[in-house]
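Here the structure is laid out as structure tokens; the discussion comes afterwards.
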Amino acid sequence: MPDLKWTENAKIGDVGELPGIIKNKVWAFITDEYMWLNLFFVLIKVIIIIAAGKIVLKIARKAITHMFEARDKHPLKFDPRRTRTIGKLINNVVTYVVNFIVILLILSQLGFNLMPLLAGAGVVGLAIGFGAQSLVKDIISGFFIIFEDQFAVGDVIQTGNFKGTVEEIGLRFTKLRSWTGEVHIIPNGTIAQVTNFSVHNSVAVVDISISYETDIDRAISVIKDTVKRVCQTNEDAVKEPEVLGVQTLSASEVIIRVVAECKPNAQFGLARML
């Protein structure tokens with residue numbers, strides 16, 4: 001191949017030969033069978049690596065699902081809330097690890113030297129660790145949320161001004177879906193206080209107003225019969241409701257209070273039915 005570098009003996013007239021030289025180089029590049037064959041094999045390897053990564057992810061997710069299903073059928077029952085949360089977390093971690101390995105394998109096929117790349121990534125990661133303290137805080141907080149079982153996927157919680165059902169707990173953020181359908185993505189590092197409505201049984205409270213002219217004893221008897229009949233057909237009721245009696249004497253009415261223990265976060269529906 002001709003050399004494009006200028007030499008001391010180059011003549012001014014040689015400049016006119018440059019387009020021809022470039023053309024020859026381009027043509028030689030296009031017609032280089034070895035280069036195209038090598039590129040073809042690299043492309044095939046990249047496709048195989050991506051396909052293998054997807055297959056590994058699919059197998060790993062099925063294995064994780066099967067493992068947790070087997071735990072649910074075990075004679076020693078595990079908390080299904082914690083099982084769902086840990087299952088989603090393991091799925092996320094496996095996805096990150098497999099995708100990272102796939103990217104490294106693809107870069108190695110493209111001719112990148114991975115050792116300097118990994119060393120540089122370590123230095124960059126250290127710098128990011130010092131600079132992105134909020135990110136590190138989110139990850140540590142997410143770890144302790146899962147480790148301490150503060151709340152789990154499917155729980156109804158309230159943190160700050162947000163209340164809803166937990167859809168996903170990651171190491172960096174938590175997804176919370178409100179009852180009107182909005183999904184709130186909350187960094188774990190900002191979760192300072194949580195109220196969990198799904199751990200213990202709830203209590204439905206119903207206040208019934210009657211006039212002063214009403215026979216209170218008769219009213220309480222009717223209320224007892226009614227709430228007993230209603231709760232016998234309601235699956236959310238844990239035990240028979242209690243009629244506590246007169247709660248408040250207002251200017252024009254008497255308030256009688258009824259309380260009923262029910263399943264977690266089912267108090268609103270049961271109270272409406274009562």
For the pair V93 and L39, what calculated FRET efficiency results from E = 1/(1 + (r/R0)^6), where r is the Cβ-Cβ distance and R0 = 51 Å, to the nearest 0.05?
-> 0.90
Share of segment 200-246's accessible area from carbon and sulfur, percent, 1.4 Å?
-> 46
Using a Förster distance of 22 angstrom, determine the FRET efficiency expected from the C-beta separation of I216 and E240, and round it to 0.05.
-> 0.60
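The values are calculated or read from the model by the stated rules, or taken from the named source; none is laboratory data. It should be emphasised that the depicted structure is a prediction, and the values quoted were computed from it without experimental measurement. All Cβ positions, glycine included, derive from the backbone under ideal geometry; neighbour counts span all protein chains shown. SASA here: full protein model, heavy atoms, side chains in, ligands and nucleic acids out. Shrake-Rupley method; radii C 1.70, N 1.55, O 1.52, S 1.80 Å.
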